[in-house]
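Notes follow the structure.
The values are calculated or read from the model by the stated rules, or taken from the named source; none is laboratory data. This is a predicted model, so every value here is computed, not measured. Here the Cβ positions follow ideal geometry from the backbone for every residue, glycine too, while neighbour counts run over all protein chains shown. With ligands, DNA and RNA removed, areas are computed over all heavy atoms of the protein, side chains included. Shrake-Rupley method; radii C 1.70, N 1.55, O 1.52, S 1.80 Å.
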Amino acid sequence: MGRGRLEIIAESLIEWVIRLCGISAIIFIFAIFLFVFKEGAEFLFNELDLTEFFFSKEWYPTSGYNKRYGVLALIVGTGSVTILAMLIAVPFGLGAAVFISEFCGPRLKESLKILIELLAAIPSVVWGFIGLTVINQLIIHVFNAPVGLNILNGGIILALMSVPIIVSIGEDALKAVPDSYREAAVAMGATRWQLIRRVLLPAAKNGLLAAALLGVGRAVGETMAVLMATGHSVNMPNSVLDSVRTLTATIAAELGEAPVNSDHYQVLFIIGLLLFSITFVVNMTADLIVRGVRKK
Amino acid sequence: MVKQNPKIEISDLKVRYDDVHAINGISFDILENEIFGIIGPAQSGKTTLLKVINRTIDFSPEARVTGRVKVDGKDVMRVGNVYALRRKIGMVSPLPVGLPLSIYDNVAFAPRMAGIRERSQLDELVEKCLHQAALWDEVKDRLHSLGTKLSGGQQQRLTIARALSHEPEILCLDEFSIAIDPVTTMKIEDVLKQLRSKMTVILVTNLVQQARRLADRTAFMMNGELVEVGSNDVIFSDNPANRKTYEYVNGIFG
Ligand SMILES: Nc1ncnc2c1ncn2[C@@H]1O[C@H](COP(=O)(O)OP(=O)(O)O)[C@@H](O)[C@H]1O
Ligand SMILES: [Mg+2]
């Protein structure tokens, strides 16, 4: 009834502002993609041998007479560090989320959450520094290795960095499970573990999955800390004690030295495209899984 | 009539939530294999009493319980294995709570927790409980779809089936018919009459006539006090011991 003209105008204005924000987000993402694409396009279409790019482990972008651009070792580097990090971080993070949400008293819960937020706020250079010093020494002593900058070190550092995300999103997911579910299960005589395993985890699985995948996203995209912790040597690893180099670290380390528009410069942008695609695929999968779970 | 043994003995029970006195010292016994009605206006402590009986009062940390409630002669506040106590008791709450599982898994939840794994045994149990809750015919073709997708009345019957699934010795129903239509309510009432031979039924209800129809004995509670308890012949007669009972039962107040 009696809605003022002004109110109607204001409402449609707000609607348009919101719509604009949404559209601009999409435009920005496309613009970034286009920019990265444009910088690498010429080389990508004219000179780059895609088979060599993906399947050669020889990365000699600055060699004087025989430049080679094979990123297999870098992909393996990123992959191995990420997988190791997730093997550590997902069980730890989800375990901690369950502990915080189901086993803690209110006081302990608050302190732990503050601690975890603190962990999340540590800048990645600092993590890299911890990798360079503390974990490096630790690995040298424990494994009697010549150097401690390797997959293991990078994996641990990345795990430590993704755990806070996994914990806080996982905890939110568990908190969102209605209390009535808990009460119903408990009234039927469920023990604490049965309650967690049979009711809470299934009810929160979307959120927990999202937590894990955001952790993966964090790990794939991380640059500075892995650059410092993995030893930064292009290498096909045989064990977690070998040094590697990741895709991200390569861009960060070499882009500044590569002359603009040189082949090397363009290849680095193609690596950027590759990273872009990887994160895109991870997010898409996450989305599809979550949607599939929801439909069922 | 054979003398029945007390299944639940309540003596001088008091429950306080911080400074709200929910139950102020009530005492009575609930006998084996009877349907025991509890009537009374809202806020009189009926739900709280049920929560003490199955010890879910533990989840209200502000609650203080004194006095004694014994189930099978054992003080519930001091039992060693609270899970075993809860498995003995089926609880149906006023608003249905379907777990986010399939219809089948909702009903098979408690038996599985008790360690039953064999498929055929579970199938049989699920079918039996759904029959008992007057739900089988409506869901038999979609046992594996989500329980939370059922209508309100169907969900309530699902929680009744679930409460029966661990073959409880005591079945507590807390205003179960709030969200169900009258026809379904009558169906479930028939079921309850049959269950009397197998278990003790505590029927908390805001419908006085429901207690009159079903219960053997009824307690009338008000503001955390027990006004009167006795056989239905007395409670619903023209001269119960307490005038207030007469007035409440006949809708003069409440
Ligand atoms: N968790 C709680 N915290 C504080 N007060 C409560 C809680 N549960 C119930 N009460 C209070 O206890 C009294 C009895 O409530 P309840 O047992 O739910 O009565 P009924 O089921 O007869 O309506 C009410 O005054 C209610 O407000
Ligand atoms: Mg109530």
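Overview of results
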| quantity | calculated |
| --- | --- |
| Number of positions in the stretch B:18-48 that are among the charged types (D, E, K, R), under 27 Å from B:M199 (Cα atoms) and touching a residue at least 24 places away in the same chain (Cβ under 8 Å) | 3 |
| Residue in the stretch B:50-64 that is more than 10 Å from ligand 1 (Cβ to nearest atom), touching a residue at least 60 places away in the same chain (Cβ under 8 Å), open to solvent by less than 10 Å² (accessible area, probe 1.4 Å) and within 12 Å of chain A (Cβ to nearest Cβ) present | yes |
| Inter-residue pairs, beta-carbon under 8 Å, first closer than 24 Å to B:T185 by Cα and at the interface with chain A (Cβ under 8 Å from one of its Cβ atoms) and in the stretch B:77-97, second in a helix (DSSP H, G or I) and of a type in the set (F, W, Y), 6+ apart | B:V97/A:Y181 |
| Candidate set from the stretch B:99-158 (those that are of a type in the set (V, I, T) and open to solvent by 30 Å² or more (accessible area, probe 1.4 Å)); member that is farthest from the other protein chains (Cβ to nearest Cβ) | B:I116 |
| Wholly within the stretch B:145-222, strands (runs of 3 or more DSSP E) carrying at least 1 residues that are acidic (D, E) | B:170-174 |
| Some residue of the stretch B:27-40 being more than 16 Å from ligand 1 (Cβ to nearest atom), under 22 Å from B:L158 (Cα atoms) and more than 14 Å from chain A (Cβ to nearest Cβ) | yes |
| Hits in the stretch A:177-201 - residues which are touching a Leu at 6+ places or on another chain (Cβ under 7 Å), facing another protein chain (nearest Cβ under 9 Å) and not charged (D, E, K, R) | A:V177, A:Y181, A:A184, A:A185, A:V186, A:V199 |
| Boolean, B:S177 is in contact (Cβ under 8 Å) with a residue 24 or more places away in the chain, crowded, with 16+ Cβ neighbours inside 10 Å and more than 14 Å from chain A (Cβ to nearest Cβ) | yes |
| Pairs with Cβ under 8 Å, 6+ apart, first in the stretch A:114-131 and assigned by TED's automatic domain parsing to the domain that holds A:L160 and under 16 Å from A:D172 (Cβ atoms), second of a type in the set (G, A, S) and open to solvent by 50 Å² or more (accessible area, probe 1.4 Å) | A:I116/A:S168; A:E117/A:S168; A:A120/A:S168 |
